[in-house]
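This report refers to the structure that appears directly beneath it.
The values are calculated or read from the model by the stated rules, or taken from the named source; none is laboratory data. From a predicted model like this one, the values you see are computed outputs, not experimental measurements. Using ideal geometry, Cβ is built from the backbone for each residue, glycine included, and neighbour counts are taken over all protein chains shown.
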Amino acid sequence: MKKAAFLIFIFVLGFNFSAACEDAVQENLHSLDIGTIVITPSKIEEQYEDLPQNVSVVKAQSIEDSGLTATASILDRLPSVNIIDYGSDGTVKTVHTRGLSGAQVLTLLDGIPAHTPRDGLADLNKINLSDIEKIEVLKGPASSIYGSGAMGGVLNIITKDGKSFPKTMIKGTYGLYDTREASLAHGRDLDIFDYYLSHDTYKTDGHRKNSDYEYHNTKLKLGYQPEENNRLSLAYRYYQSELGSLGPSQWEDIDNRQEAWQQNFDLTWKADLSEQSNVLFKFYHNIDRLDFMWNLAADNVDAHHSTVYGADLQFAHKILDSIRLTGGYNRKEFGLNSSSTGKYSAFLNAFYVEGEYDPFQRMKIYFGARYDDYSNFGDRISPSGRFAWWINDNFKVHGLYARSFRAPTFNDLYWPREAFFWGGGVEGNARLSPEKAESFEFGISTYFLKALWADVTFFRNRVKDLIIWNMDENWWSRPENLSATIIQGVEWNTDFVIWQKVKANFNYTYLYAKNKETKDWLIYRPQHSYKLNLNYKTYNDWTFDLAWRYITKRFTVDNNLRSLGHYWVCDASISKKFWDIWEFRVSGNNLFDEEYEEQEGYPMPGTQILTSLKCEF
């Protein structure tokens, strides 16, 4: 903790120094792009500084500078975001935001839900990092627009197309554990037509026995844009992987294997019907299959096949330049055919409306509600109210009140009773109720030229019937509804420019997450998280990137009798550009070889060094 306090003190000094350097900012290589357009909170593009909720935005250049190869690793740098990682490449990595779990954070890929109805999770391994144009992370409930699964926020991943990436990229990476990656991407803008094609292959032996991982990821995106504000796009994605499934260190199994396939198809039309009106239509079809092979036996395979069909129609209209009304209809059909769980299907019809009122230029008020009708759970209404108020040119206050919910997944309800031969087991719970949350947040933001941005937000979530998969002292894991839980905390996030060439982010999250009745801490929720990110660009095309995070103790069982200790991890990357088209990079993850676990029984890799060579023209 002394190291953490020292680093905080040093960078608070840097914060104050940058604020005093008004003249130097104008010549900086770095600036903070406060004018970034985001679409996450309301599905309507808005200026960053007008948002009534806290949104983290990561752009393609920041992803490239990091030298990381996994989407989850990028997200782990953000405030109030913690990744629950099973250690090896290819294993499940779930996103927690503000103490709410991965199934409570809605993941969108170009606006399309990426979750499977099987477990309610989106596999971030299936999203090619080099395809990403921008990542938006909304922290806080969004059920009034997106429905179930958005209690904890929305992760919106926006991928490249021929207009944003009209060039060719070839990249090769090699590192420890015989890690190899080859990437190819090509895009072209042909006036009213554009296309983008990419393929990525990755293979590693892994840092444990039977933890090897190999995947192939292909994407095709076509666009037709006859007018500036009229665009039709079609996208197809295919992913296939194979990996070893060693299991926890207490009971390693060198024979278990896992294979996965996923296909996604989506059609999107977005157009301005007039200066005051616009329309958005999406149709999508997701296919996901997971095969788990026990002891390499061909007749001992658990196969899980899930499908989702969805359509979303939205219309927005502006009245008198101060009022905007948005309404939409969402239809979704989803099913599961599992050799373990069984065969199930359900459908959803939903309607939502949101109003935006700008009574005067310094304040925006948002109010909305969504009605969801599930064939297997009945209906739910999710209302919300939000505001953003500029006190003066440099300070903004923002607030939120919302109610949200999450329906149990097929696995939560129907997973059959399975006893492991070494003891313990797993089983579902058909008596589960949907989770319900009442949320409140209030924050203050400050903006100073393009050199400083800071936000402090207090948040509080009262969750009833929270679904938790708990492992008891006999190693049995079952989902159950907790009658009431309180999850609250404070999030501090600061972006600033130091001197003329260094951009930095420091963020800290304090989290209080307890069962209201037993007073026990919820599992895998750290009370304190500190994160520091630095990026240094020189005039002669060198780039240095450094990331550090410190996470405190987390309990691993509901009665708080077992826990994982605190840890700190440092990652770094150095790159150099040659002749405008070549770039050589060396990156190191977990530079100080910290021994730690994100999930009990699954050790994280030690130091890993990667080198890459990229050609872009």
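Looking only at the range 544-551, decide whether some residue is more than 26 Å from Gln608 (Cα to Cα) and out of contact with any Asp or Glu (no Cβ under 9 Å at 6 or more places or on another chain). The answer is no; no qualifying residue exists. For Gln488, the conditions (1) over 21 Å from the mean Cα position of the chain (by Cα); (2) over 30 Å from Tyr536 (Cα atoms) are fulfilled apart from (1). All conditions but one from (1) within 29 Å of Asp321 (Cα to Cα); (2) at pLDDT 90 or above; (3) more than 26 Å from the chain's Cα centre (by Cα) apply to Lys396; the one that does not is (3).
Considered as a group, the residues in the range 226-244 that are touching a residue at least 60 places away in the same chain (Cβ under 8 Å) and touching an Asp or Glu at 6+ places or on another chain (Cβ under 8 Å) include one that is farthest from Leu290 (Cα to Cα), and that residue is Ser233.
Among strands (runs of 3 or more DSSP E) entirely within the range 121-231, having at least 1 residues that are surrounded by 20 or more Cβ atoms within 10 Å (Cβ to Cβ), under 14 Å from the mean Cα position of the chain (by Cα) and at pLDDT below 95 singles out 132-139, 153-159.
Looking across the range 389-430, the residues that are within 30 Å of Arg478 (Cβ to Cβ) and in contact with a helix residue (DSSP H, G or I) (Cβ under 8 Å, 6 or more places away or on another chain) come down to Ala402, Arg403, Ser404, Phe405, Arg406, Thr409, Phe420, Trp422, Gly428, Asn429, Ala430. With the requirement that a residue be closer than 23 Å to Pro603 by Cα, assigned to a loop (DSSP other than H, G, I, E, B) and of a type in the set (Asp, Glu), what does the range 232-276 give you? Selection gives Glu252, Asp253, Asp255. Of the residues making up the range 406-452, those that are touching a Ser or Thr at 6+ places or on another chain (Cβ under 9 Å), under 22 Å from Gln104 (Cα atoms) and outside any strand (DSSP E or B) are Ala407, Pro408, Thr409, Phe410, Asn411, Leu413, Tyr414, Trp415, Glu427, Gly428, Pro434. Screening Phe360 on (1) modelled with pLDDT under 90; (2) touching a strand residue (DSSP E or B) at 6+ places or on another chain (Cβ under 8 Å) shows it passes everything except condition (2). The single condition among (1) surrounded by 14 or more Cβ atoms within 10 Å (Cβ to Cβ); (2) modelled with pLDDT of 90 or more; (3) more than 24 Å from the chain's Cα centre (by Cα); (4) over 21 Å from His115 (Cα atoms) that Ile391 does not satisfy is (1). Of all residues in the range 87-120, those that are of a type in the set (Gly, Ala, Ser), in contact with a Gly (Cβ under 8 Å, 6 or more places away or on another chain) and assigned to a loop (DSSP other than H, G, I, E, B) total 4. Looking only at the range 533-565, count every residue that is more than 23 Å from the chain's Cα centre (by Cα) and in a loop (DSSP other than H, G, I, E, B) and tell me the total. Qualifying residue count for the region: 11. I'm trying to understand the selection: among the residues of the range 232-265, which are at pLDDT 90 or above and touching a helix residue (DSSP H, G or I) at 6+ places or on another chain (Cβ under 6 Å)? Correct list: Tyr239, Gln262.
Just one residue in the set Thr307, Thr268 is among the β-branched types (Val, Ile, Thr), surrounded by 15 or more Cβ atoms within 10 Å (Cβ to Cβ), out of contact with any helix residue (DSSP H, G or I) (no Cβ under 8 Å at 6 or more places or on another chain) and within 30 Å of Phe420 (Cα to Cα); that residue is Thr307. Mind counting the residues in the range 75-132 that are closer than 19 Å to Ser245 by Cα and hydroxyl-bearing (Ser, Thr, Tyr)? Qualifying residue count, the range 75-132: 4.
Scanning the range 588-616 for residues that are among the aliphatic types (A, V, I, L, M), under 21 Å from the mean Cα position of the chain (by Cα) and assigned to a strand (DSSP E or B) gives no hits.
Residues checked against (1) under 30 Å from Asn210 (Cβ atoms); (2) crowded, with 19+ Cβ neighbours inside 10 Å; (3) in contact with a Ser or Thr (Cβ under 7 Å, 6 or more places away or on another chain); (4) in contact (Cβ under 8 Å) with a residue 40 or more places away in the chain:
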residue	(1), (2), (3), (4)
Leu273	no, no, no, no
Arg324	no, yes, no, yes
Leu336	yes, yes, yes, yes
Leu348	no, yes, no, yes
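Which ones in the range 564-588 are surrounded by 15 or more Cβ atoms within 10 Å (Cβ to Cβ) and of a type in the set (Gly, Ala, Ser)? Correct list: Ala572, Ser573, Ser575, Ser587, Gly588.
A quick yes/no check of all residues on (1) surrounded by fewer than 19 Cβ atoms within 10 Å (Cβ to Cβ); (2) among the polar types (S, T, N, Q):
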{"residue": "Ser433", "(1), (2)": "yes, yes"}
{"residue": "Ala437", "(1), (2)": "no, no"}
{"residue": "Gly443", "(1), (2)": "no, no"}
{"residue": "Leu452", "(1), (2)": "no, no"}
{"residue": "Thr457", "(1), (2)": "no, yes"}
{"residue": "Lys464", "(1), (2)": "yes, no"}
{"residue": "Trp475", "(1), (2)": "yes, no"}
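When Ser144 is tested against (1) within 30 Å of Ala103 (Cβ to Cβ); (2) without any contact (Cβ under 8 Å) to a residue 40 or more places away in the chain; (3) of a type in the set (Ser, Thr, Tyr), only condition (2) is not met.
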